[in-house]
Structure formats: structure tokens, C-alpha cells
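Remarks on the structure that follows.
Quick note: the coordinates plus some simple rules give every number you see, no bench work behind them. From a predicted model like this one, the values you see are computed outputs, not experimental measurements. Neighbour counts run over all protein chains shown; Cβ positions are idealised from the backbone, glycine included.
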Amino acid sequence: MTSLTINAATSGTWDLGDRTVNRIGFGAMRLPQTGEAFAADAASRDRDQAIGVLRRAVELGVNHIDTAAFYFSPLRSANELINRALAPYPHDLVITTKVGPSRDPSGQWLPHATPEQLRGQVEENLRQLGRDHLDVVNLRVVGTDSLSERFGALAELREAGLIRHLGLSNVHPHHLAEAQAIAPVVCVQNMYGIGATPEQKEFLDLCREQGIAFVPFYSIAGIGRTAGASADDSSEVHAVARARGVSTAQIRLAWTLHQGPHVLAIPGTGDPHHLAENVAAGSLLLSEDELTALDSLRHEAV
């Protein structure tokens with residue numbers, strides 16, 4: 001059984017602009033509901049349990065929380081749970097949020113915001129979180145179209161002091177170049193995990209070369225995406241997990257963190273036990289042989 005330290009500080013640190021965060025963070029997507037995120041029949045999570053998980057995450061050294069105003073269930077909002085659990089916020093806590101898409105009260109997706117609508121989304125995040133500025137705002141992009149007008153609108157809000165740093169989510173390399181010509185980008189949040197394609201790996205490496213944090217989503221869930229991790233992990237992942245006496249989710253997280261010092265993990269859960277496992281994965285050091293075995297799965301679909 002591998003002995004792991006349950007503190008996010010063991011994962012190392014990276015700077016998001018002028019803010020330093022531990023490389024194991026927390027994603028709030030699954031917090032408002034049980035079952036599949038965004039599912040029409042998802043049940044709202046117990047409020048006290050959700051608040052307890054957030055407070056426990058901070059106790060375990062997590063100082064980077066990823067959220068969005070569109071993370072909500074019929075009774076719960078991730079942002080307002082964060083506000084209730086953690087305000088007044090610890091001085092070292094960095095809250096990253098996303099704008100671009102939105103959901104109406106019934107949960108229906110509105111995938112594109114105009115530059116004018118983005119200010120309203122930023123103000124909604126400020127209100128829900130109880131902040132006078134947002135630490136990091138990622139523009140989430142759907143498709144390959146130009147983002148210059150939308151990112152430019154966020155850059156203006158940054159100049160106005162409502163946003164401290166800007167990032168991108170679900171983007172291509174040309175989007176990063178386009179955004180960098182407008183304002184500094186401190187992070188790119190894209191799908192990434194075991195089985196990543198060569199093109200995804202190239203983008204991760206490009207971010208490292210430019211000193212930009214790369215923040216994978218679905219690094220545990222993989223093809224399960226919003227439904228969560230599946231039970232049919234490959235034999236190689238199971239073999240490494242058995243040899244270490246840890247879960248396959250912990251192996252997936254550890255592999256992700258081994259992809260570079262600029263990689264920040266944001267696993268999400270509403271379960272205190274899974275939270276502790278996720279944080280502990282930050283202290284799991286994989287051997288060269290284990291990494292080689294897991295790297296061989298690069299051409300799986302993620």
C-alpha cells in the first residue's frame with residue numbers, strides 16, 4: 001500500500017499571474033447535484049454536505065477552486081455554496097470562474113454570449129461569490145470562430161478592475177495566439193487525460209513553453225465526461241493502481257500532474273472520501289516504467 005500525504009501542498013505550486021496555487025485544486029461542477037452534472041433529473045446535493053466538502057478541501061490545503069455561474073441544480077448553486085462555505089475568503093484562495101455559455105433557470109444551455117452579455121455574466125459571478133473582483137475568468141469557447149471581440153470585452157473588464165487575470169477554456173492553439181495579442185493569458189483549461197491525442201499533448205507543451213498554466217478537465221472521468229468516471233478503465237491503469245494500492249482515479253490524476261510543472265488538476269466531488277483521495281494523488285510519484293505503460297494509452301479516446 002502506497003503511503004500518501006493528504007495535503008494539496010505536496011503537489012507543488014504554480015503561479016496564476018501574481019497568485020500562487022497548489023497544483024491540486026477543486027472543481028465545483030459536481031457540487032450542486034448528485035449523479036450526472038447538468039442532467040435534467042439530477043438530484044440536488046445535501047447543502048450541509050456540499051458546504052462541508054468545500055471547507056474540508058481548504059483544510060486539506062486546496063487554494064484553487066474552479067467554478068461557474070452555470071454550475072447549478074434546481075436547489076443549489078456552486079457559487080453560492082462556495083460563498084456560504086468559505087467567505088470571508090482565505091487570503092491565499094484563488095477562485096477561477098468561466099463565462100461564455102450560460103443556462104436559463106430551466107437548465108437549458110445558451111452556448112454563446114455576446115461581448116455585451118459577458119459583462120452581465122461577470123457581474124453575476126461577482127454577486128454570487130460576494131466578491132468585488134474575480135481572481136481569474138476563463139472565456140469558454142464553443143467552436144473555432146474568432147474570440148477577439150469577446151476576449152476584448154473581458155480585457156476591458158480587467159482594465160476596469162473587475163477581473164484580476166484572464167484565461168481560456170475549451171480552445172485551440174489559434175485561439176490562444178489571438179487572445180495573447182489582446183491581453184495576457186494565465187491559464188488554458190482544456191480536456192486532457194490518459195489517452196490524450198498528440199495534438200492535445202502539443203498544446204499542453206506549447207502552454208509550458210509560454211509559462212501558461214494548463215488545467216485539464218475530465219482528467220478522471222475521461223469519456224464519461226459529466227457522468228463521471230466509468231468502471232471500465234484499461235488493464236494498464238488497473239495494474240498500476242493495484243500495484244500501488246490506490247484507486248484508478250488517483251493514478252489518472254497522478255499521471256496528469258506528471259505531464260508538466262504547469263499542469264493544475266481540478267478534480268471535483270461531493271464526497272469527503274473521494275476528496276481526500278483526490279488530494280492525496282498529488283503526492284503520488286509514478287516511476288518511469290509506470291509512466292511508459294500509461295503513456296502507451298495515448299491514442300485511446302479521452
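Quick notes on this structure:
- For the chain, built as a Gaussian network whose Cα springs stay under 10 Å, the top-fluctuating residue of ALA87, ALA281, ALA50: ALA87
- Segment 49-107: proportion of alpha-carbon pairs further apart than 19 angstrom, %: 30 percent
- Cβ-Cβ FRET estimate between ARG84 and GLU202, R0 fixed at 51 Å, reported to 0.05: 0.80
- Length added when fully stretched, ASP18-ASP145, from 0.36 nm per residue minus Cα-Cα: 42.7 nm
- Space enclosed by the convex hull of the alpha-carbon atoms of the chain, per residue, Å³: 119 Å³
- Sequence-distant contacts, meaning Cα pairs under 8 Å at least 6 residues apart, place the relative contact order of the chain at 22 percent.
- Percent antiparallel among DSSP beta bridges (both partners in the chain, rounded to 5): 25 percent
- Listed peptides 149-157, 106-114 by packing density, highest first (mean Cβ within 10 Å): 149-157, 106-114
- Overall dimensions of segment 116-183 as given by Cα atoms, namely Rg and Dmax in Å: 11.7, 34
- For segment 22-65, the Cα-based Rg and Dmax, in that order, read 11.6, 34 Å.
- Pair-distance profile P(r), taking every C-alpha pair of segment 1-41, with 10 angstrom steps and integer %: 23, 29, 30, 17, 0
- Packing rank of 23-36, 134-147, 265-278, 193-206, where each peptide gets the mean count of other beta carbons within 10 Å, highest leading: 23-36, 265-278, 134-147, 193-206
- Charge dipole of the chain about the Cα centre (unit charges at C-beta), most positive-ward option of SER169, LEU297, LEU81: LEU81
- Ellipticity at 222 nm from helices only: DSSP H runs of n ≥ 4 in the chain, each -39500 (n - 2.57), divided by the residue count, give -10500 deg cm²/dmol.
- Förster radius 45 Å - calculated FRET efficiency between GLN108 and SER235 (Cβ-Cβ, nearest 0.05): 0.65
- Debye-sum result for segment 240-286 in log10 I(q)/I(0), which assumes one identical scatterer on each alpha carbon, at q = 0.23 Å⁻¹: -0.79
- Proximity of backbone amide H atoms, modeled 1.01 Å from N, is registered between GLN33 and ARG45 at under 5 Å, excluding neighbours fewer than 5 places apart on the same chain.
- Here the peptides 248-258, 94-104 are ranked by packing, the mean other Cβ count within 10 Å, and the order with the highest first is 248-258, 94-104.
- Computed log₁₀ I(q)/I(0) - Debye formula, equal Cα scatterers, no solvent, segment 11-97, q 0.15, 0.23 Å⁻¹: -0.53, -1.09
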